[in-house]
Amino acid sequence: MTLTQDPEHAAPEQATRGQRRATRIAEAAGGGWGLVLLKIVLLGLILAFAVFAALVLIRTDQWVPAILVVAVALLAVWVYTGRGRLPAKYLMPGLVFLFVFQVFAALYTGYVAFTNYGTGHNADKDSAVNALMLSAQERVPDSAAYELTIVDQLGELSFLVTDPDGDVQLGGEERPLEDVSDAEMKNGKAVGLSGYTTLKFGDIVAQQAKIADMSVPISSDPNDGVLRTPDGSSAYAYTSKLVYDEAAGTMTDTRSGAVYSDIGTGAFTADDGTELKPGWQITVGFDNFTRAFTEESIRDPFLQVLVWTFVFAILSVLTCFALGLFLAIVFNDPRMKSKKYYRVLMILPYAFPGFLSALVWAGMMNQEFGFLNVVLFGGADIPWLTNEWLAKFSIILVNLWLGFPYMFLICTGALQSIPEDVQEAAKVDGASAWQVFRAIKLPLLLVAVAPLLISSFAFNFNNFSLIYMLTGGGPRDITAGVNVGATDILITMVYKVAFVGSTSDYGLASAFSIIIFILVATISVIAFRRTKALEDLN
């Protein structure tokens, strides 16, 4: 007897197996619960960081950035917790990094270029007024002693003071004293406050320097003075010898009687031009760009550096390309033996980090004990890096050493891609080797390598590491109004103006950065249009 299975009863069992298999495949593709747990942890960390960053920004009254941070964090949660949205899941990390490291950096550089941001102009006007008042503080003679307790809340120290009348007040740096009513009292002195941790003697000793530097405003009027403490147990009133008149916008020195006015330059200025520092940050329009081209102490060194930057970039590309092409032609000759060994040697300089090679060359070119002077030139005293012209020659030489392997590689590949039948046809027609190279190989080669030559020019235009590691931009031009040397290119000059020396001028440095961007962009556009013409040769 033959038993026949009823398909209506077998179908559910087959479907169940298929569902289980599909579930296993889906779990394997999705990474299972481990990936889900990792996703939850990462999203939690993102939210925690966003909340922390938002609180920090809100404390400094930066509401717009705080809202943006929270919005991006919530968007990330929405994208990665929902089904689908696959393109957004892949694009969002890249877009966030693109905005932070490219768009925001470019926009902020543009903003700073139109301000006087730099040494002495780092903060807003209120902070500058407070700094000036603090710098001229003196203890009030016969100042009453305030009973003091140091309290801490989330790492921020505050003064809990009991004045001679028994009133209790709380304040911190940039937070004027305010009355409190729920302080814990002991023998007529406030010793604790709800929500704050009272510092013990050992804690005060451990943070003695920080507590001694604290200045707590007595009121919102800076002319009322501040409280300071020498020992953490008593506080005394200090007042400034400078008197600030907010309505008139003046700062008066009570010792000399000099009056300094806000004349719109970002600093209080006396009639004789003397400025009180620090000042504050203001928008100056195109003043930084105007200074770069009209102020003699800045214009002359800037133009010298601009010319040398072009010379350095052009010579770097030409010398590296010429040597790389020559070696590529030599190694492309079928009569050349043991090519693979020589090619390995040729690309060795390209294998070492550029900044490390520059440091090695700086040691070899040392005037007193460098390898070149001591060994190759028999103890000669050649100032490779301290003479203006020799330093420039040394930079071109070292950059040739670093750059020719790259050109050698791309020229080798381009030469090997040129059809042999075209060259053979030219030889059959009686063309010499030079004519074949000049009329066939070089034009076809330029079509392939011209975009790379343009990118190499742009790279050398901003070749910061070579200049800074080899010469540091020196020798220094002592006649220049800005910190600049004979071998500085624009990018190293920008770095020095912004970060090197006792004074920094971020506004001027940002203006220089924008000028560099415009120059490189213009040259690149023109060059790419020219290379498009070369493509017609194909």
Problem set entry | Cα-derived Rg to Rh of the range 130-183, Kirkwood definition | 1.00
For this session: Note the angle between two axes, namely the Cα long axis of helix 125-135 and the longest principal axis of the Cα atoms of the chain, as a number of degrees from 0 to 90, rounded to the nearest 10.
Result: 60
For this session: Show that you can apply the helix-only estimate: for the chain, add -39,500 (n - 2.57) for every DSSP H stretch of four or more residues, divide by all residues, and state [θ] at 222 nm to the nearest 500.
Result: -17500 deg cm²/dmol
For this session: Return one number: the angle in degrees, 0 to 90 and rounded to the nearest 10, between the long axis of the Cα atoms of helix 354-364 and the longest principal axis of the Cα atoms of the chain.
Result: 90
For this session: Give me the distance between the Cα centres of the range 109-187 and the range 339-410, rounded to whole Å.
Result: 57
For this session: Evaluate the relative contact order of the range 444-536 (contact order divided by residue number), counting alpha-carbon pairs under 8 angstrom at least 6 apart; express in whole percent.
Result: 27
For this session: Taking all protein chains together and a probe of 1.4 Å, list Asp262, Asp182 from the most accessible to the least accessible.
Result: Asp182, Asp262
For this session: At most 14 other Cβ atoms within 10 Å and a DSSP loop assignment: could you name the chymotrypsin sites (Phe, Trp or Tyr not before Pro) in the range 371-462 that fit?
Result: Phe377
Exercise. Rg(Cα) of the range 98-213 divided by 2.2 N^0.38 Å?
Worked result: 1.51
For this session: Identify, among Asn288, Thr309, Ala270, the residue whose Cα sits farthest towards the positive end of the charge dipole of the range 258-312, taking +1 on the Cβ of Lys and Arg and -1 on the Cβ of Asp and Glu, with the dipole about the Cα centre.
Result: Thr309
For this session: Would you be so kind as to identify which of Gly324, Tyr341, Gly379 lies farthest towards the positive end of the dipole of the range 317-398, taking Lys and Arg as +1 and Asp and Glu as -1 on Cβ and the Cα centre as origin?
Result: Tyr341
Seminar exercise, completed: Quick calc, the chain, dipole around Cα centre from Cβ unit charges on Lys, Arg (+) and Asp, Glu (-), nearest 20 debye, gives 3600
For this session: Please name which of Val484, Tyr406, Phe159 has its Cα lying farthest along the dipole of the chain towards the positive end, using unit charges on Cβ (Lys, Arg +1; Asp, Glu -1) and the Cα centre as origin.
Result: Tyr406
Problem set entry | Straight-distance crosslink candidates among lysines, where the alpha carbon sits under 19 Å from Lys427 and sequence neighbours closer than 8 are dropped | Lys441
Exercise. Any idea what log10 I(q)/I(0) is at q = 0.10, 0.14 Å⁻¹ for the range 139-268, Debye with uniform C-alpha scatterers and no solvent?
Worked result: -0.38, -0.67
For this session: With a 1.4 Å probe and every protein chain kept in, tell me what percent of the accessible surface of the chain is carbon plus sulfur.
Result: 63
Problem set entry | Viscosity 1.567 mPa s, temperature 4 °C, Stokes-Einstein D of the range 398-518 from Kirkwood C-alpha radius, µm²/s | 73
Seminar exercise, completed: Here the gain from full extension of Ala380 to Ser338, 0.36 nm per residue of separation minus their alpha-carbon distance, amounts to 11.3 nm
For this session: May I ask you to rank Asp203, Asp505 by accessible area, largest first, using a 1.4 Å probe over the protein chains only?
Result: Asp203, Asp505
Problem set entry | Stokes-Einstein translational diffusion, the chain - Kirkwood Rh over all Cα pairs, 1.306 mPa s, 10 °C, in µm²/s | 51
Exercise. Cα gyration tensor of the range 312-381, axes a ≥ b ≥ c as square roots of the eigenvalues: rounded (a/c below 1.5), prolate (a/b > b/c) or oblate?
Worked result: prolate
For this session: Considering Cα pairs under 8 angstrom that are at least six residues apart, work out the relative contact order of the chain and quote it in whole percent.
Result: 14
Exercise. Averaged per residue, what accessible area in Å² does the chain show with a 1.4 Å probe, protein chains only?
Worked result: 59
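The values are calculated or read from the model by the stated rules, or taken from the named source; none is laboratory data. The model shown is predicted, which means the values in this text are computed figures rather than measured ones. Reconstructed Cβ throughout: ideal geometry from the backbone, glycine too, with neighbour counts over all protein chains shown. For the accessible areas, the whole protein counts, side chains as well, though only heavy atoms, and no ligand, DNA or RNA atoms are used. Shrake-Rupley method; radii C 1.70, N 1.55, O 1.52, S 1.80 Å.
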